[in-house]
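The values are calculated or read from the model by the stated rules, or taken from the named source; none is laboratory data. Keep in mind it's a predicted model, so treat the numbers as computed, not measured. All Cβ positions, even for glycine, are placed from backbone atoms using ideal geometry, and neighbour counts span all protein chains on display.
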Amino acid sequence: FRGRIADLVRSERDRTVEKLRQKYAPKLATLRDRVARAGERVERETQQYADKRNQAAVSLGASLIGALFGRKLASATNVSRAASTIRGASRAAQERADIGRAEEQVEAVKQQLVELEAELARELAAIEDASTAHQVELEPLRIAATKGDLAIEQVALVWAPAQATEVGGLESLCDGVD
């Protein structure tokens, strides 16, 4: 009886756990996808920063060489190149700030994922605790049979030879029959 109860409780627990996992699966998949996309954004922003930084460095080098070896130090072309270099450095700084924002977003999404996984673990633990309730002490309950519950299918007479003992009991004369 205890075994049947344990089997029923385990199968019910397994069904409940599976329903819970199916409930959380789309949410977990969405958050994992968001973590992956945020990671890709960090990589993209890092690449853009490296490109802007290199472009600014090349522009700075070209401006310096042009100013040093050109005709006039403060010519309109040199001033324009210097302004372009400063704008490029400003864009590189903006890209660096974009990297920081992207990394913060990755951490925020990872935190959401950790919280959702913890919530799932708490609910699974609650289900596990509820499934151990079947291990309580069972009390015997005598149920009397009613006339409608009885069905006689076969009547048989069984004889086992026995002899009376000195103390008033019976001793079986057949091996294995008590």
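Observations, loosely collected:
- For Gln47, the criteria (1) modelled with pLDDT of 80 or more; (2) out of contact with any helix residue (DSSP H, G or I) (no Cβ under 9 Å at 6 or more places or on another chain); (3) closer than 30 Å to Leu124 by Cα hold in every case but one, which is (3).
- Yes/no for Tyr24 being surrounded by 13 or more Cβ atoms within 10 Å (Cβ to Cβ), aromatic (Phe, Trp, Tyr) and within 18 Å of Arg122 (Cα to Cα): yes
- Single match in Asp7, Asp14, Asp33 (criterion: of a type in the set (Asp, Glu) and over 30 Å from Leu113 (Cβ atoms)): Asp7
- Segment 130-178, subset assigned to a helix (DSSP H, G or I) and surrounded by 10 or more Cβ atoms within 10 Å (Cβ to Cβ), residue modelled with the highest pLDDT: Ala130
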